[in-house]
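Asks: First the structure, which I've put down as structure tokens, then a few questions once you've had a look.
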Amino acid sequence: MIQRRMSLDHPMGLNDVRRVVESIKDIGEGEELVIQMSSQDSFRAEGIFSVLDTGDYRWSAKGGHDGKDYYIVARKR
């Protein structure tokens, strides 16, 4: 399985959501996209979740071990 990664800088904004939209276009079946962002931006991730749901992606979110990072892992259904 191919795993692609992208990091979003703090503070996360609309341009970051656009970057996610562009990145998921390249994700094929069986591939994963791991999005890393600051845990301070986790409440702003709703736009990304909406994009993933609309694009028929299965996703999960979790916090990092140190409490500073937040990860969204998306896979095409």
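Each reported figure results from applying straightforward, stated rules to the coordinates on display, with no laboratory input. The shown structure was predicted, so the numbers you read here are calculated from the model rather than taken from an experiment. Every residue, glycine among them, receives a Cβ derived from its backbone with ideal geometry; neighbour counts consider all protein chains shown.
Asks: If we count GluC sites (Glu not before Pro) as exposed when they sit in a DSSP loop and have at most 16 other beta carbons within 10 Å, what is the longest stretch of the chain that avoids them all?
Replies: The answer is 32-77.
Asks: Kindly provide the helix-only [θ] at 222 nm of the chain, computed as the sum of -39,500 (n - 2.57) over DSSP H runs of four or more divided by all residues, to the nearest 500 deg cm²/dmol?
Replies: Computed ellipticity for the chain at 222 nm equals -7500 deg cm²/dmol.
Asks: Related question: Write down the percent of antiparallel bridges among all DSSP beta bridges whose residues are both part of the chain, to the nearest 5.
Replies: 75
Asks: How big is the chain on each of its three principal axes, counting only the C-alpha atoms and giving the largest first in Å?
Replies: Cα spread of the chain along its principal axes, largest to smallest: 30, 26, 16 Å.
Asks: Report, in degrees rounded to the nearest 10, the 0 to 90 angle that the Cα long axis of helix 14-24 makes with the longest principal axis of the chain.
Replies: 30
Asks: For the chain, set up a GNM with springs between Cα atoms under 10 Å and report which of Leu52, Leu33, Leu14 has the largest fluctuation.
Replies: Sorting by GNM fluctuation, first place goes to Leu14.
Asks: Could you give the dipole magnitude of segment 31-77 about its Cα centre, charging the beta-carbon of Lys and Arg +1 and that of Asp and Glu -1, in debye to the nearest 20?
Replies: Result for segment 31-77 is approximately 120 debye, rounded to the nearest 20.
Asks: I would also like to ask the following. Please arrange Arg5, Arg19 by how many other C-beta atoms lie within 10 Å of their C-beta, fewest to most.
Replies: The most exposed by this proxy come first: Arg5, Arg19.
Asks: May I ask you to derive the relative contact order of the chain, considering only C-alpha pairs under 8 Å and at least 6 residues apart, and to give it as an integer percent?
Replies: 35
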